[in-house]
Amino acid sequence: MSIHTRKLTLALAITLAFSGCSVMRSYDDELKQTVDLVSQGEVSQALQQLDSNNTGNDKDLLYYFEKGTLQRFDNKYKDSVITWLSADHLVNEWENEAKIRAGAILENIGAVTLNDKTRRYDGHDYEKVMLSTQLALDHLLNGDWDYARTEIKKTHEREAIIADVRAKETDAIEKESREKGIGTTFKNLNGYPVETLNSPEITSLKNGYQSAFSHYLAGFVYEALDEPSLAAAGYRQAIELRPNIKMLEDGLAGLDSRPHQHKPNETDVLMVVESGVAPSLSSVMIPIPVIYKGLGVIPISFPVLHSDPTRTNTPLTVAIDNANTQPLSMVTSLDAMSKRALKDDMPGIILRGILRAAIKGASQQALMHSNNGYAMLAGVALNVANVITESADERTWRTLPSTISVARFSIPTGKHEFTLGLNKKTLDINGAHALIVARVINNQVYWSQPIYGAKMPANIIAPPAPQIEPEIIPKSVSKKVRKSSTKKRSKK
Amino acid sequence: MRTQFLLSIAVITLLSGCANQTPTLSSGNVEYGDHKAVETLTNEFGSTDLQSIAQAMTNSLLQSPAVGAKQRPLVTIAEVKNRTSEYIDTKSITDTIRTKVMKSGLVRFAVDTSGMQTQTDEIVRQSQSGMYKKSMSKKIGQMEGADFRIEGTITSIVKQTDDVKDVYYKFSLQLIDNESGVMEWADEKEIRKTSTKSMF
């Protein structure tokens, strides 16, 4: 056995020993149970189940992703914010590292010798962006519009970092594969379900991380905070990401006129309906010819995304007080975005897979062809270990929705009954602008009642009625003030 | 005796000098930079663009005959519409222009629409809450109407090939007489930024 092969085998053995649980963990199996519980309305049990699968002190990004979502289902917005801020802290660490090491695609030896599961889970790009969006929704539901604005601004900055990092990574992968003469097109993987990543819905997306919903939400929040120049950019980007959707186009077209049309006793409501769950990841084993001659083929696993249509019941309308029916426009498909993200990640995954096949092939052959009996036995064991540990990275934020639909309407301030399918809920609508979020999984609907309070800016919630004599009220003071004052006079 | 006195003064001065020095806490990774340094990190709208637009517009506006025609005219800032796809905070640009123009002393500014609610709330609070002396509180109906308003637009044209991205910005600003509706001044500032592949 040459010194080089010994080192390689030692590295493989060490990596195998240290990577332990993460290599064998099936994230998809774990989350199937959690999603099943949520589908039946058992959020508390789903939370317990999630905790029982993550007993260590050092929680990973996925734990925080999933837990924050479950807490939202439970209307615990503050807890959800705290949990997701822990996730945000980890994403922030990734951002700081990524700016420095972008392009260092092969630095994680574990991923090359074993599988991608040994890599620290940094989250898919769309998950990082969606984290900021979901945090913004939590803040809005909690009445913290300024915090929501901060998260929205963070979303733009995060998107810029991701774009920069991915551009550098793509360059590095192209350079590496060119130098090693490796083809990284997923269409050439014999046996890979190419159609899962190649539909027009996926290829027409600008990228795998920017969503029309995130940008429309940005427009809505900036508009509510009286920042029309920023709102215009939000609506415009939403239209560019999902063209020809009337609801998105109306957002921009009505930006100038809406403030003049707004009535003091009405609320401009953005209704967000999140449906289903994000697709799951599984492995498909494909024999890869080893790039060194005479070493045959080695089976290497690649990730495949599976949509979950049985859980995705996307409502087309929402009824208000059993009369006013508003259309819901599907503006973002996280199902399609996750597939686009995987499609864009495939060259890197293929490159690492082919290099892994080469290392495995070389180390196996060195041991099998040794004259030493123990080494041959080790070669057989390594062969078995290779098959057992070879599995694609199945980790993905499963409790994210599959689709996001929105409706926007003005209704009188006060309590209203909303109907999605057969599910009804009475919600209190208050202020000049309000947000409602409903999550539909199977036939289960989780409604989020917004909290209204002092943290809302003056132009979101009307200020308390002052005691004014009507004859000296300037025109700029709201009609609500006049009404209140008149009532007081009549009591006298 | 005099030497001793001078010596003690010198020692006290030295010691007090030491005591007044602000300690520096640093990990060595963070540095303050020049806020006026030219920023070309990306070809998106940045601090240098904001500063150059604000400077150009201020210089041009202050040379306008409309500003000099009346003793310290009252001006308000209306909206600068963002017609780009970028999240450009145009209020930040107009805030900088307003600050620079104010410093010239030639113009006064009235509260703009975004600050109107706060202005109204404050007057109502002073005059109606019962918390203030009547003689000292500000009265409703005493606000001054602006002689002029400033409004404008920012537009962009983005062209991109595989290797090059070209972004052209045009910032237009106008000064309009609120009573007559006459546009008294207008100017534009154009910016072109081109970057190669590694930057986008």
Of the candidates B:K81, B:K91, the one satisfying the condition of being surrounded by 17 or more Cβ atoms within 10 Å (Cβ to Cβ), within 14 Å of another protein chain (Cβ to nearest Cβ), in a helix (DSSP H, G or I) and touching a helix residue (DSSP H, G or I) at 6+ places or on another chain (Cβ under 9 Å) is B:K91
Of those in the stretch B:154-166 that are in contact with a strand residue (DSSP E or B) (Cβ under 9 Å, 6 or more places away or on another chain) and away from chain A (no Cβ under 13 Å), the residue nearest to B:L74 (Cα to Cα) is B:I157
For the stretch A:42-68, pairs from a residue that is in contact (Cβ under 8 Å) with a residue 40 or more places away in the chain and closer than 24 Å to A:W94 by Cα to a residue that is among the acidic types (D, E) and assigned to a helix (DSSP H, G or I), with Cβ under 7 Å and 6 or more apart or across chains, are A:F65/A:E127
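A:S329 - would you say it is among the polar types (S, T, N, Q), assigned by TED's automatic domain parsing to the domain that holds A:Y235 and crowded, with 16+ Cβ neighbours inside 10 Å? Full working, then the answer.
Values: among the polar types (S, T, N, Q): yes; assigned by TED's automatic domain parsing to the domain that holds A:Y235: no; crowded, with 16+ Cβ neighbours inside 10 Å: yes.
Taking the combined requirement at face value, the residue does not satisfy it.
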Within the stretch A:212-234, the residues that are part of a helix (DSSP H, G or I) and at the interface with another protein chain (Cβ under 8 Å from one of its Cβ atoms) are A:A218, A:P228, A:S229, A:L230, A:A232, A:A233, A:G234
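Assess whether B:R108 counts as being at the interface with another protein chain (Cβ under 8 Å from one of its Cβ atoms) and surrounded by 14 or more Cβ atoms within 10 Å (Cβ to Cβ).
On the way: at the interface with another protein chain (Cβ under 8 Å from one of its Cβ atoms): no; surrounded by 14 or more Cβ atoms within 10 Å (Cβ to Cβ): yes.
No: the conditions fail for B:R108.
Restricted to the stretch B:130-155, and to residues that are in a loop (DSSP other than H, G, I, E, B) and touching a Pro at 6+ places or on another chain (Cβ under 7 Å), which residue is nearest to B:E184 (Cα to Cα)?
That would be B:D147.
Any residue that is within 14 Å of another protein chain (Cβ to nearest Cβ), among the hydroxyl-bearing types (S, T, Y), part of a helix (DSSP H, G or I) and without any contact (Cβ under 8 Å) to a residue 60 or more places away in the chain - is there at least one of those in the stretch B:53-69? First the steps, then the outcome.
At the first step, the residues of the stretch B:53-69 found to be within 14 Å of another protein chain (Cβ to nearest Cβ) are B:53.
Then drop every residue that is not among the hydroxyl-bearing types (S, T, Y), which leaves none.
Checked against the condition, which is being within 14 Å of another protein chain (Cβ to nearest Cβ), among the hydroxyl-bearing types (S, T, Y), part of a helix (DSSP H, G or I) and without any contact (Cβ under 8 Å) to a residue 60 or more places away in the chain, the stretch B:53-69 yields no hits at all.
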Counted residues in the stretch B:128-153 being away from chain A (no Cβ under 12 Å) and free of Cβ contacts under 8 Å to residues at least 60 places away in the same chain come to 7
By residue number, the members of the stretch B:168-200 that are within 14 Å of chain A (Cβ to nearest Cβ) and part of a strand (DSSP E or B) are B:Y169, B:F171, B:S172, B:L173, B:S195, B:T196
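The values are calculated or read from the model by the stated rules, or taken from the named source; none is laboratory data. None of the values given here were measured: they were computed from a predicted structure. FYI the Cβ positions are ideal-geometry reconstructions off the backbone, even for glycines, and counts take in every protein chain you see.
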